[in-house]
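Undergrad: Structure incoming, see below.
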Amino acid sequence: MNAVGTFTVEDGIGLITIDSPPVNALSHRVRVALDAGFRKFSADPAVKGIVLICAGRTFIAGADITELGKPILEPTLREVVDLIEQGKKPVVAAIHGTALGGGYEMALICHYRVAVPSAQMGLPEVKLGLLPGGGGTQRLPRLVGPEIALEVVIKGDPVPAPEALRLGMIDALTEEGNLKEGALAFIRQVLADGRPLQRIRDRTDKTGPHKGDSSVFDAFRRKNAHAMRGFLAPENNIKAIEAAVELPFDAGIAREHELFQELLESTQSAAQRYYFFAEREASKVSDVPADTPVRPVESVGVLGAGTMGGGIAMNFLNAGLPVTLAETTQENLDRGVATIRRNYEASVKRGKLTQAQVEERMALINGVVGMEALQGADLVIEAVFEQMALKKEVFGKLDAIVRPDAILASNTSFLSIDEIAQATRHPERVLGLHFFSPANVMRLLEVVRGAATDKQVVATAMKLAKTLRKVPVLSRVGPGFIANRVMGPRNRQAEAVVLEGTSPEHIDEALYDFGFSMGPFRMFDLIGLDVTGRDSTERTLRSDFLSHGRLGQKQNGGFYDYDADRNATPSPEAAAIIAAYAEYRNVPARAPRSPEEIVADLLYPVVNEGAKLLEEGIASRASDIDVACILGYAWPVYTGGPMFWGDTIGLGKIVQRLDELAALHGSAFAPAALLREKAAAGASFTR
Ligand code: NAD
């Protein structure tokens, strides 16, 4: 017995049971227990084999990342590993729940691995900007070969047990719910067969054939170049696996350690670890305790079957929840439903869904014309045109149709939830659920809390996000909420900088190299210049593009010219339109900006806008702004998002440049009071 370990002997087999809630993380206490258990059973002649198993909901789920970077207490992991791996008795890891990172590495140290079918395992360290530094990069390739190891380690996704068996990551599946008996039976068979003690570290059968041959690695790098762009960690993971192929085990471990240290000290990993916690933190609301009662959401209504309504409906269908989809005419409804079906059929073609699953999901749609059929819904999400008068009209009607405790949500991008709520007699049940396009894909869900929104309604929305596998970020009411508002200055600045004579290509390239999937001008062209360009009656750069018939990628090109395959090339006509408009506005030409200047002048204003969101209380945490930008705008996660990135740059430097921009372009760029304050105090937003 030990605080978190129980050691029992059953018929010649020693059972080490770790019980360290909530997830048996590989903490110092767990290491102490493992050390005690393995010492005890190694010394006990009555014990012939050992089973390592965990109580509670999971096997050792992973390393204890709160211990990362802190002084290491004895016994070290290395000592525990040696004790287990070098022991003279076979050890089987019995896996249920999730064995990730340090958890699966612990299983790799054992001589055998068995798991229940529902278990998941893997090495996700790459997602924290790290690598599996507990020997994972050296043992997994020896167990399954470098090709599979690369896929598992560099993708970092959890592998379901049946797939793990197929890949060789485990030796056997046991019956669900009968893990202990299954593991005992397995090890008895091993003993009965007299199988020699096989340590993964000694194996070369899977790595040997690749020694001196880099083709597997070259092919992997080529195939995944796009997904790995900008990230440091994948390359270090690859190098570590190469070391497993090329070097003896102990030299490989030393190389792994070096590559791990390099990542641990990198800003990227700090950013990715920060982001990992930021995402989890985002669903917490300080004045809405975790035990706040939530309302049931079992039947859902979606109003409007356009771009957003269809995508929103799909989220619920995917979660198995029936949706009443309401439109104004049969024709609009049919078009919306057909689009949903087309999206699902595309997933069938990509092998992501079966036809039967598509039919199951489609059968959950109840398409209706008019709003009466929404009366039974627990939640109605409105996704009609972006017009305040229309939104007020439909909310007034919905209020009279649905139950008094049903929740009413708007997917508006920019309109005031408070004003919409005023059209109802129950503003406390109204909130914003702001999905991002494509709504069935994007993981961000902004939960917009109105002045009157009930805490239960907020709690229900936060829980709903989980059901839909979204990440909720809470916002107060304000134009553009969080993501659209905070990224607005980047787009406005892009247009300002282009007028001063830096080309769209240069601006896009600088932001692409920063890590965005495309620069702002490529994005404008993709969305279509007509989408926002027609709002204004005065002459703007966009209205000039429209009057030349340039609507973007869909018609005549926009800031770029496009060929039939949609390849973009710099456009002389666009350059002429820009120059003419700059002259009309008397914008003095400046020398083209360097990539560093472009990044600063487009993105420092984003940090500033974030500071304003905090000042105004629209966002409650700097980390929420980072989550919204990373998930909503593909801001590169390895910078941690705009606020973390701003802290990395140094707020003083940002204030200085914003002051210069304000002198050039006006007070809109002036640093927010909060930003100035923090800079003066040497403080930060996120650290
Ligand atoms: P859309 O034009 O594609 O779809 C709107 C649909 O609403 C149309 O099919 C229309 O027939 C239907 N409709 C209009 N009045 C109706 C009524 N009274 N009852 C039932 N249906 C009605 O527009 P969209 O792009 O899906 O945008 C919808 C909402 O989502 C807007 O508020 C928009 O600001 C917001 N939004 C859009 C995006 C985006 O990227 N498109 C992203 C986030 C939020």
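The values are calculated or read from the model by the stated rules, or taken from the named source; none is laboratory data. The structure displayed is predicted, hence computed values, not measured ones. Every residue, glycine among them, receives a Cβ derived from its backbone with ideal geometry; neighbour counts consider all protein chains shown. Accessible surface areas use protein heavy atoms only, side chains included; no ligands, DNA or RNA. Shrake-Rupley method; radii C 1.70, N 1.55, O 1.52, S 1.80 Å.
Undergrad: Report whether or not Glu446 is more than 19 Å from Pro572 (Cα to Cα) and touching a His at 6+ places or on another chain (Cβ under 7 Å).
TA: Criteria met by Glu446.
Undergrad: To continue, here is another question. Quick one: how many residues across segment 660-683 are in contact with a helix residue (DSSP H, G or I) (Cβ under 7 Å, 6 or more places away or on another chain), among the aliphatic types (A, V, I, L, M) and at pLDDT below 95?
TA: 2
Undergrad: Determine which single condition Gly182 fails, assuming it passes every other condition in (1) crowded, with 19+ Cβ neighbours inside 10 Å; (2) touching a His at 6+ places or on another chain (Cβ under 8 Å).
TA: (2) is the only condition that Gly182 fails.
Undergrad: Confirm whether Val368 is crowded, with 20+ Cβ neighbours inside 10 Å and either part of a loop (DSSP other than H, G, I, E, B) or within 10 Å of the ligand (Cβ to nearest atom) (or both).
TA: For Val368, the condition - crowded, with 20+ Cβ neighbours inside 10 Å and either part of a loop (DSSP other than H, G, I, E, B) or within 10 Å of the ligand (Cβ to nearest atom) (or both) - is not met.
Undergrad: Here's something else I'd like to know. Within segment 382-398, is even one residue open to solvent by less than 10 Å² (accessible area, probe 1.4 Å) and more than 11 Å from the ligand (Cβ to nearest atom)?
TA: No, segment 382-398 contains no residue that is open to solvent by less than 10 Å² (accessible area, probe 1.4 Å) and more than 11 Å from the ligand (Cβ to nearest atom).
Undergrad: Would you please list the contacts, defined by Cβ atoms under 8 Å and residues six or more apart or on different chains, that run from a residue in segment 135-158 that is touching a residue at least 24 places away in the same chain (Cβ under 8 Å) to a residue that is among the acidic types (Asp, Glu) and surrounded by fewer than 23 Cβ atoms within 10 Å (Cβ to Cβ)?
TA: Every condition considered, the pairs that remain are Pro146/Glu242.
Undergrad: Quick check on this structure: which one of Val323, Val297 is within 15 Å of the ligand (Cβ to nearest atom) and surrounded by 13 or more Cβ atoms within 10 Å (Cβ to Cβ)?
TA: Val323
Undergrad: So in segment 187-230, with the set limited to residues that are in a helix (DSSP H, G or I) and touching a Phe, Trp or Tyr at 6+ places or on another chain (Cβ under 7 Å), which one is least open to solvent (accessible area, probe 1.4 Å)?
TA: Val190
Undergrad: Also: Could you please find all residues in segment 236-285 being part of a helix (DSSP H, G or I), open to solvent by 40 Å² or more (accessible area, probe 1.4 Å) and closer than 30 Å to Arg449 by Cβ?
TA: Listed by number, the residues that qualify are Arg273, Phe276, Phe277, Arg280, Glu281.
Undergrad: For segment 215-230, what are the residues that are touching a residue at least 24 places away in the same chain (Cβ under 8 Å) and not basic (Lys, Arg)?
TA: Val216, Phe217, Phe220, Asn224, Met228, Gly230
Undergrad: Mind checking whether some residue in segment 152-169 is more than 24 Å from Ile241 (Cβ to Cβ) and assigned to a loop (DSSP other than H, G, I, E, B)?
TA: no
Undergrad: Let me ask something else about it. Tell me, yes or no, whether segment 567-585 has at least one residue that is aromatic (Phe, Trp, Tyr), farther than 29 Å from Pro642 by Cα and open to solvent by 60 Å² or more (accessible area, probe 1.4 Å).
TA: Yes, there is a match, as at least one residue in segment 567-585 is aromatic (Phe, Trp, Tyr), farther than 29 Å from Pro642 by Cα and open to solvent by 60 Å² or more (accessible area, probe 1.4 Å).
Undergrad: When both residues are 6+ apart or on different chains and their Cβ atoms are under 7 Å apart, which pairs have a first residue that lies in segment 454-477 and is under 14 Å from Ile312 (Cα atoms), and a second that is open to solvent by 20 Å² or more (accessible area, probe 1.4 Å) and not in a helix (DSSP H, G or I)?
TA: From segment 454-477, the pairs are Leu464/Val297; Ala465/Ser283; Thr467/Ala319; Leu468/Ala319; Lys470/Arg443.
Undergrad: List the residue pairs whose Cβ atoms are under 8 Å apart, where the first residue sits in segment 558-575 and is outside any strand (DSSP E or B), the second is of a type outside the set (D, E, K, R) and open to solvent by 80 Å² or more (accessible area, probe 1.4 Å), and the two are 6 or more positions apart or on different chains.
TA: From segment 558-575, the pairs are Glu573/His548.
Undergrad: Could you grab the pairs with beta carbons closer than 6 Å, sequence gap of 6+ or different chains, first residue in segment 425-446 and within 10 Å of Leu631 (Cβ to Cβ) and open to solvent by 40 Å² or more (accessible area, probe 1.4 Å), second one part of a loop (DSSP other than H, G, I, E, B) and more than 10 Å from the ligand (Cβ to nearest atom)?
TA: Going by the 6 Å Cβ cut-off, the qualifying pairs are Arg443/Lys470.
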